[in-house]
1. What is the spread of the Cα atoms of segment 1-138 along each of their three principal axes, largest first, in whole Å?
2. Can you give the convex hull volume of the alpha carbon atoms of segment 95-217 per residue, in Å³?
3. Specify the inter-centroid distance of segment 22-89 and segment 136-202, based on alpha-carbon positions, in whole Å.
4. Tell me the net charge near residue 78. Cut-off is 13 Å between Cβ atoms, residue 78 excluded, with +1 for each Lys or Arg and -1 for each Asp or Glu.
5. Which aspartates and glutamates does residue 31 reach when only Cα atoms under 13 Å apart count, and residues fewer than 8 places away in its own chain are ignored?
6. Counting only residues 5 or more places away or on other chains, whose amide H sits under 5 Å from the amide H of residue 64 once H atoms are built in the peptide plane?
7. Among the lysines, which fall within straight-line cross-link reach of residue 87, defined as a Cα-Cα distance under 22 Å, with same-chain neighbours fewer than 8 residues apart omitted?
8. By the scheme Lys and Arg +1, Asp and Glu -1, what is the net charge of all other residues having a beta-carbon under 15 Å from that of residue 57?
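Throughout, read-outs are computed from the coordinates displayed, never taken from laboratory work. What you see is a predicted model; the values in this text were computed from it and never measured. All Cβ positions, glycine included, derive from the backbone under ideal geometry; neighbour counts span all protein chains shown.
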Amino acid sequence: MTNGYDADVIIIGAGGGGAVVAKELGEKGIKVLVIEAGPWYGNKQWPEPNSSQGAASSSSYDDLSIDLLKASFTDLEDDMNNRVNGKLRWGPANRELPPWQRIGGQVWQNSGVGGSTLHYFGNSPRAIPQAIDNIWPINYNELVPYYERVEAALPVNPAPVTAKEELFYYGARKAGWSNLEGKELSTPGYRTQPNAILRPNPSINDPFFDIQSNRSVGCTLRVIV
């Protein structure tokens, strides 16, 4: 390359797909340059990505900051999800600029490092085998090793259950549906949603637990207002 960057592969977009491709290629020793128009929340090179241009690039793990990441995300619905100037919008990092226009309808999609993984609720179910077999050029069983690899890396666990889910499960049982166990679905029923979550810290209910400064909180149930 002639622009100062030494790369074997250029990936446009650091979303859930582009970032994974960059990781896999990088682990094989291939030099990768990822270009992203949206913000990178939680990076010291862009401490205020929505209002300041910041650096041109980042390639160091030391640039990552959990404190900056926590400060970037709020529990305010309009601040995060407003389609015009929300932090999780489809548009450039600078929120003073207009969002990008999509032809053919509205899709809840955002830009930035992480892409849609920033707001997909961690839902990570496998595909239904009947939707793969005899339709795709590969069969479901060929996908299983890759599912298992992703499920271990994220990791994927059953989502926490609240009173809302318990009520749904009660209604499903009364309606005669079966509780489905395991990760493969082949019959109708109900189950706990597989989520890419970190289990909550077992000490989180301790009245002296400092949820703001503790770095091992895990994923908690938060309320957006």
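1. Reported extents, whole Å, longest axis first: 51, 40, 31.
2. 217
3. Each part's Cα centre sits 29 Å from the other's.
4. That sum, taken over residues with Cβ under 13 Å, equals +1.
5. 6, 8
6. Here 44 satisfy the definition.
7. Partners found: 44, 70.
8. Within the 15 Å Cβ shell, the charges total -2.
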